[in-house]
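> Questions regarding the structure given below will be posed in turn.
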Number of protein chains: 2
Amino acid sequence: MNHPTEPKADKSGVRRHNLSLVLRTVHEAGETTRAAVAARVGLTRPAVSSLVEQLLDLGFLVESGKTFSGQAGRPGTVLKPADTGPAGLGVEINVDYVTVCVVDLTGTDRVRRTEHLDNRDADADADADADAAGVLARAARIAAEALEAAAALRLAPAGAGLALPGLVSGGSVRQAPNLGWNEVPAETLFAEALTELRPGTAGLPLTSDNEANMAALAELWFGELGDLRTFLHLTGEIGVGGAIVVHGELLRGAHGFAGEIGHLVVDAEGPRCRCGSRGCLEQYAGQAALLAAAGADDVPDLARRAEAGEPRALAALAEAGRMLGRALSGAVNLLDPEAVVLGGIYPHLLPWLTPALTAELADRAVSGLWTPDAGRLRPASTTTDASRGAAALVLHDVLADPLAYATPIGG
Amino acid sequence: MNHPTEPKADKSGVRRHNLSLVLRTVHEAGETTRAAVAARVGLTRPAVSSLVEQLLDLGFLVESGKTFSGQAGRPGTVLKPADTGPAGLGVEINVDYVTVCVVDLTGTDRVRRTEHLDNRDADADADADADAAGVLARAARIAAEALEAAAALRLAPAGAGLALPGLVSGGSVRQAPNLGWNEVPAETLFAEALTELRPGTAGLPLTSDNEANMAALAELWFGELGDLRTFLHLTGEIGVGGAIVVHGELLRGAHGFAGEIGHLVVDAEGPRCRCGSRGCLEQYAGQAALLAAAGADDVPDLARRAEAGEPRALAALAEAGRMLGRALSGAVNLLDPEAVVLGGIYPHLLPWLTPALTAELADRAVSGLWTPDAGRLRPASTTTDASRGAAALVLHDVLADPLAYATPIGG
């Protein structure tokens, strides 16, 4: 029964909101005191103390033995987010690997598993649905192992985020050309496989999004962006993913499919792409295309060859840089971001990609703001990736309404 | 003196807000009654009556003699926005014409003047600043004439909006390649010229933006979009302008320069563009490029030639359509809009542009949502243009805080 005008319901709504406010304040500060929280959120010290007691009881906060005097007055006991209890499970399923991480309320990656696998549909004529179910079952198996390790650290998942390399909406992958997936109910398949391995995860809240969007969220929440809030985020993998962040919010588009910069046409008559078009950016700057053009085995091998001055590797990187610059000039002309953040494989290859990339961007960006020395191009932080973004999305929900997560869901 | 905690200051702020609420409600309804307004905004009838009296006194609303009974009860006198008093002055300066309109509070275009002129910088070596000042002075002269006609209708400008074909920020045109303008203080030059002709306009609030953004606003406010709130708006002129509307709001980017779809590269080795790049969309689908390729004098002539089946005209239109489709596929992949609205010269040419455009878009848009029969491509309304959008921006400010415009500024 819902009586929105009843004072008690209102009061409990206000308390619920204030619990979130206090928890978020401690989370952002890392370490703080009741007095500093009160000063920060504008509530009285007794009110904050009462809220803090409840958060301590529920296991969202812990007290440290030490005391310190903040700017807000007399010394107080130090409060921190708990490093046990509710955690975010992040799962990135990409074309050639699966990464799973468990992130605690302090924002720390506590468990991490990566397995390199070829998740691509081996045979285009084979049963793609069975392939998809198999890939999601493998991801669930890795997640189950990570949750077991997390349980030993007294961490229980409050939810799981799935980062997927394709067009994602309503819990399904609508299309993932590089996996050969169409209309795959990813959340359902993952949840079924995980529940079989760990029955305690039944009913675990799931959320899913494109891996590039998740990587951009990780950059926004855990990266080193400073004041940067309007940017384009590229992740170079087998596919080239893109995410658009405007004033700190993901731009998802009308159906959640925005950001597909990997399929911007850079040469209309270029090679056929798995998406059905021709000459898409990822046919030049995607990992598979780039390694093939360079004759390299993997990204470290490519970097070694470039370092050694091998002409074929340098030519492939210059071509990829030129095509990245061409596609980015289009994106920059359309979106006018403050910066472009390059993640995935690109941070390792920037020395060789950058010259052609910045020259092309300077020539073609109409605003004149993209000169090579403008510093608008930057590598993604080494501590962020899509799995961390997926876990952060769960933590975000916990911070927004801790009471909803007060009874830990088994894992 | 500002005492935000003083009850009186709060109350007058609330009343000011409610005046706006009532005026906007009448504006949206077109015709309504006090009772219907009260039901709509959730204020008591006496409160609404008092607000309405003030808006009547100040000349923002009028009563019509007739009465009608709405769903909200007993018959009431009909209220309408005034068609005299504060009006929006909209000025569009484009490459080959200037349009000025005066729009009253009912949203009706009451005065309109268009002059076809070549505003382009005749000689790239000449003094571009003098050219820019001359163009803005001509626009001010046309605006002064329109204001004189408006004064005869008892309309006084509450502000002026300038729609300009280039990158606009802080009242200046940062860059307008097709005009040869760089760092032109457009608002200041226009205001100086207008004040000289009509001294009463001294101090008139000015706002300025890219003409494509203004055209998209006009489409949003006066067009026939129905529920459509996330779309890409293209205006075909000498340049090809673009505006991005997401959930009913213009996406302006970090510096206000977003939407430059005319400079998306469709052929990297194509003709040199005035922006400095090569193979930009506007080198194929801009008005000048299209007429030159078709050997036509103007858009009506081009349509006649296409109608007559002239091969050169048909080939130019098919090529422009293909390039529009190619650029739009990139924009659609990045932004995932619900629809693309084509304005400017395009609505007149759609029968010949559409086949190649939709084929290219269907092949290259990764979501599969852009099949030729999906109905996501639509012509702009014939009653909207950038000058109307510029005037609407002024009216928007009046509706948001009528008291700020209660003393009409002379015109």
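> Pick out the one residue from A:150, A:146, A:139, A:163 that is touching a Cys at 6+ places or on another chain (Cβ under 9 Å) and at pLDDT 95 or above. Quick ask: steps written out before the conclusion?
Details: A:150 fails: touching a Cys at 6+ places or on another chain (Cβ under 9 Å); A:139 fails: touching a Cys at 6+ places or on another chain (Cβ under 9 Å); A:163 fails: touching a Cys at 6+ places or on another chain (Cβ under 9 Å).
Among A:150, A:146, A:139, A:163, only A:146 is touching a Cys at 6+ places or on another chain (Cβ under 9 Å) and at pLDDT 95 or above.
Residues are listed down the side, and each one gets a yes or a no for (1) of a type in the set (Lys, Arg); (2) modelled with pLDDT of 95 or more; (3) out of contact with any Lys or Arg (no Cβ under 6 Å at 6 or more places or on another chain); (4) not assigned by TED's automatic domain parsing to the domain that holds residue A:174:
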residue: A:256; (1), (2), (3), (4): no, no, yes, yes
residue: A:290; (1), (2), (3), (4): no, yes, yes, yes
residue: A:300; (1), (2), (3), (4): no, yes, yes, yes
residue: A:311; (1), (2), (3), (4): no, yes, yes, yes
residue: A:326; (1), (2), (3), (4): yes, yes, yes, yes
residue: A:334; (1), (2), (3), (4): no, yes, yes, yes
residue: A:341; (1), (2), (3), (4): no, yes, no, yes
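> Taking the options A:328, A:349, name whichever one is farther than 26 Å from residue B:369 by Cα and of a type outside the set (S, T, N, Q).
Numbers: A:328 fails: farther than 26 Å from residue B:369 by Cα.
Only one candidate qualifies: A:349.
> Cβ-Cβ under 6 Å, sequence separation 6+ or interchain: first residue in the stretch B:191-211 and assigned to a helix (DSSP H, G or I), partner of a type in the set (Asp, Glu). Which pairs?
As it stands, the answer is B:211/B:92, since those pairs meet every condition given.
> Out of B:146, B:218, report the one residue that is hydrophobic (A, V, I, L, M, F, W, C), touching a residue at least 60 places away in the same chain (Cβ under 8 Å), in a helix (DSSP H, G or I) and closer than 24 Å to residue B:402 by Cα.
Unique residue meeting the criteria: B:218.
> Looking at A:273, A:280 in this structure, which one is within 14 Å of chain B (Cβ to nearest Cβ) and in contact with a Pro (Cβ under 8 Å, 6 or more places away or on another chain)?
Values: A:280 fails: in contact with a Pro (Cβ under 8 Å, 6 or more places away or on another chain).
So the residue among A:273, A:280 that is within 14 Å of chain B (Cβ to nearest Cβ) and in contact with a Pro (Cβ under 8 Å, 6 or more places away or on another chain) is A:273.
> Let me ask something additional. On the given criteria, is residue B:204 crowded, with 21+ Cβ neighbours inside 10 Å, assigned by TED's automatic domain parsing to the domain that holds residue B:170 and in contact with a helix residue (DSSP H, G or I) (Cβ under 6 Å, 6 or more places away or on another chain)?
Details: crowded, with 21+ Cβ neighbours inside 10 Å: yes; assigned by TED's automatic domain parsing to the domain that holds residue B:170: yes; in contact with a helix residue (DSSP H, G or I) (Cβ under 6 Å, 6 or more places away or on another chain): no.
No.
> Condition first: over 16 Å from the mean Cα position of the chain (by Cα) and more than 14 Å from chain B (Cβ to nearest Cβ). Can you find one or more residues in the stretch A:385-399 that meet it?
Yes, there is a match, as at least one residue in the stretch A:385-399 is over 16 Å from the mean Cα position of the chain (by Cα) and more than 14 Å from chain B (Cβ to nearest Cβ).
> Here are some residues: A:165, A:205, A:185. Which one is within 14 Å of another protein chain (Cβ to nearest Cβ), within 21 Å of residue A:393 (Cβ to Cβ) and in contact with a strand residue (DSSP E or B) (Cβ under 6 Å, 6 or more places away or on another chain)? Give the steps one after another, and end with the answer.
Working: A:205 fails: within 14 Å of another protein chain (Cβ to nearest Cβ); A:185 fails: within 14 Å of another protein chain (Cβ to nearest Cβ).
Being within 14 Å of another protein chain (Cβ to nearest Cβ), within 21 Å of residue A:393 (Cβ to Cβ) and in contact with a strand residue (DSSP E or B) (Cβ under 6 Å, 6 or more places away or on another chain) holds for just one of A:165, A:205, A:185, which is A:165.
> I've got another one for you. State the number of residues belonging to the stretch B:168-180 that are touching a strand residue (DSSP E or B) at 6+ places or on another chain (Cβ under 8 Å) and over 17 Å from residue B:217 (Cβ atoms). Can you show your working first?
Here is the first cut: in the stretch B:168-180, the residues touching a strand residue (DSSP E or B) at 6+ places or on another chain (Cβ under 8 Å) are B:168, B:171-176, B:179.
Those still in the list that are over 17 Å from residue B:217 (Cβ atoms) too: B:171-176, B:179.
Of the residues in that region, 7 qualify.
> Right, another one. Out of B:131, B:96, I need the residue that is modelled with pLDDT under 95 and surrounded by fewer than 19 Cβ atoms within 10 Å (Cβ to Cβ). Which one? Talk me through it step by step, then tell me what you get.
On the way: B:131 fails: surrounded by fewer than 19 Cβ atoms within 10 Å (Cβ to Cβ).
After applying the criteria, what remains is B:96.
> Just checking, which of A:315, A:327, A:303, A:331 is touching a strand residue (DSSP E or B) at 6+ places or on another chain (Cβ under 6 Å) and more than 19 Å from residue A:179 (Cα to Cα)? Let's see the steps before the verdict.
On the way: A:315 fails: touching a strand residue (DSSP E or B) at 6+ places or on another chain (Cβ under 6 Å); A:327 fails: touching a strand residue (DSSP E or B) at 6+ places or on another chain (Cβ under 6 Å); A:303 fails: touching a strand residue (DSSP E or B) at 6+ places or on another chain (Cβ under 6 Å).
When all the criteria are applied, what remains is A:331.
> Mind checking whether some residue in the stretch B:311-327 is under 18 Å from the mean Cα position of the chain (by Cα) and facing chain A (nearest Cβ under 9 Å)? Walk me through how you get there before you give the answer.
Residues of the stretch B:311-327 that are under 18 Å from the mean Cα position of the chain (by Cα), as a first pass: none.
No, the stretch B:311-327 contains no residue that is under 18 Å from the mean Cα position of the chain (by Cα) and facing chain A (nearest Cβ under 9 Å).
> Would you pick out the residues in the stretch A:233-248 that are facing chain B (nearest Cβ under 10 Å) and either closer than 20 Å to residue B:364 by Cβ or under 14 Å from the mean Cα position of the chain (by Cα) (or both)? Can you show your working first?
The initial filter retains those residues of the stretch A:233-248 that are facing chain B (nearest Cβ under 10 Å), namely A:242, A:244, A:246-247.
A:242, A:244, listed by residue number.
> Working only within the stretch B:250-267, note down all residues that are facing chain A (nearest Cβ under 10 Å), assigned to a strand (DSSP E or B) and surrounded by fewer than 24 Cβ atoms within 10 Å (Cβ to Cβ). Break it down stepwise before answering.
Step one: of the stretch B:250-267, the residues facing chain A (nearest Cβ under 10 Å) are B:251-267.
Filter once more, so that each one left must be assigned to a strand (DSSP E or B): B:265.
Residues satisfying the conditions do not exist here.
> Which one is nearest to residue B:215 (Cα to Cα), of the residues in the stretch B:328-381 that are within 13 Å of chain A (Cβ to nearest Cβ), β-branched (Val, Ile, Thr) and in contact (Cβ under 8 Å) with a residue 24 or more places away in the chain?
To start, the set of residues in the stretch B:328-381 that are within 13 Å of chain A (Cβ to nearest Cβ) comprises B:328-340, B:356, B:359-371, B:374, B:376.
Filter again for β-branched (Val, Ile, Thr), leaving B:332, B:340, B:366, B:371.
This time we only want the ones that are in contact (Cβ under 8 Å) with a residue 24 or more places away in the chain, so: B:332, B:340, B:366.
Working: B:332: 19, B:340: 13, B:366: 28 Å.
Applying the filter and picking the extreme gives B:340.
The values are calculated or read from the model by the stated rules, or taken from the named source; none is laboratory data. Nothing here was measured: the structure is a model prediction, and the numbers come from that model. Methodologically, a virtual Cβ is constructed for each residue, glycine included, from the backbone with ideal geometry; neighbour enumeration extends over all protein chains shown.
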